[in-house]
Amino acid sequence: IGRYWPGTSPLHRMDARAKLLLALALMAVGFVAQSFWGLAVCAAFVFGFFKLAGIPLRSAFKSIAPLAFIGGVTALLNVFFVQGGAVLFEWWIIRISEAGLWQAAFIACRLLLLLLGMSLLTLTTATLDITDAFEYLLRPFRRIGVPAHELSMMMSIALRFIPTLIQETDKIISAQKARGADFDSGNLMQKAKALIPILIPLFLSSFRRAEELAIAMECRCYHGDEGRTSLRQLTMHGRDWGFVVFSVLLCAAIVVLRCFGL
């Protein structure tokens with residue numbers, strides 16, 4: 001997540017604001033859906049948009065691989081803590097029921113679709129376009145004190161540094177392995193201790209990059225949104241409004257499915 005896949009597909013050419021609303025609609029659909037039928041509708045649209053963008057699903061799954069651990073842990077917790085239906089396995093205080101397995105599968109599919117939806121946004125939209133769209137959509141809330149420009153700047157920096165930190169981590173791991181470090185053998189506690197030689201240099205590198213960025217912004221007389229104008233003006237076209245209407249209809253369809261218990 002955070003890397004841009006260059007292309008000329010209709011999804012790449014779409015206005016960033018429309019794509020941001022579409023991504024939010026897909027995420028809302030994933031949260032609202034209460035059955036596998038609802039998730040199936042969401043999955044059909046997500047995979048269809050990846051096909052429209054010309055992005056292989058293999059690359060999409062690879063982009064969310066670092067976050068797959070969260071989905072695995074969440075699903076595992078549901079297996080042990082959700083009870084109901086037939087008991088499939090029981091030992092001491094551990095009980096695995098049929099309802100727990102169904103709930104774990106449902107949560108795993110939901111998180112997978114949410115991550116793919118967010119990955120679709122970052123793969124088809126440049127970071128600066130995402131932040132410009134985010135700031136534009138938050139602009140009406142400035143009247144109640146919401147710092148739209150500052151929030152968009154924070155999001156831009158975060159998205160920009162995700163790939164950088166991943167590359168930095170790979171370099172540190174390779175350097176430590178060249179010095180004889182072993183990250184694969186041993187028990188869980190030993191593997192956790194082996195991460196210390198990675199985390200400390202990574203934190204130091206992050207703080208150094210943050211300080212360099214702060215100094216560069218100060219040298220360029222950056223003072224937030226005060227007196228700033230935008231070099232690129234966002235323009236909505238007919239196809240962009242069509243995707244916005246489609247996002248609204250998609251959310252409405254899932255709400256209807258939920259009302260009918262599907």
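From the list L39, L113, L24, L11, the one residue that fits, being open to solvent by 30 Å² or more (accessible area, probe 1.4 Å), modelled with pLDDT of 75 or more and under 30 Å from W241 (Cβ atoms), is L24. Please work out if R160 is touching a residue at least 12 places away in the same chain (Cβ under 8 Å), on the phi < 0 side of the Ramachandran plot and open to solvent by 90 Å² or more (accessible area, probe 1.4 Å). So R160 fits the description; yes. If we scan the stretch 178-191, do we find a residue that is modelled with pLDDT of 75 or more and surrounded by 12 or more Cβ atoms within 10 Å (Cβ to Cβ)? No.
In the stretch 211-224, the residues that are under 15 Å from H149 (Cβ atoms) form Cβ pairs under 9 Å with partners that are of a type in the set (G, A, S) and surrounded by 10 or more Cβ atoms within 10 Å (Cβ to Cβ), at six or more places apart or across chains, as follows: Y222/A216. Note on the stretch 136-157: among residues that are open to solvent by 30 Å² or more (accessible area, probe 1.4 Å) and closer than 18 Å to Y222 by Cβ, the one that is farthest from the chain's Cα centre (by Cα) is P147. Among residues belonging to the stretch 206-229 that are of a type in the set (G, A, S) and open to solvent by less than 60 Å² (accessible area, probe 1.4 Å), point out the one that is modelled with the lowest pLDDT. My answer is G224.
The values are calculated or read from the model by the stated rules, or taken from the named source; none is laboratory data. In this text, all values refer to a predicted model and were calculated from it rather than measured experimentally. With ideal geometry, Cβ positions are generated from the backbone for all residues, glycine too; neighbour counts draw on all protein chains shown. We work out accessible area using only protein heavy atoms, side chains counted, and drop any ligands, DNA or RNA first. Shrake-Rupley method; radii C 1.70, N 1.55, O 1.52, S 1.80 Å.
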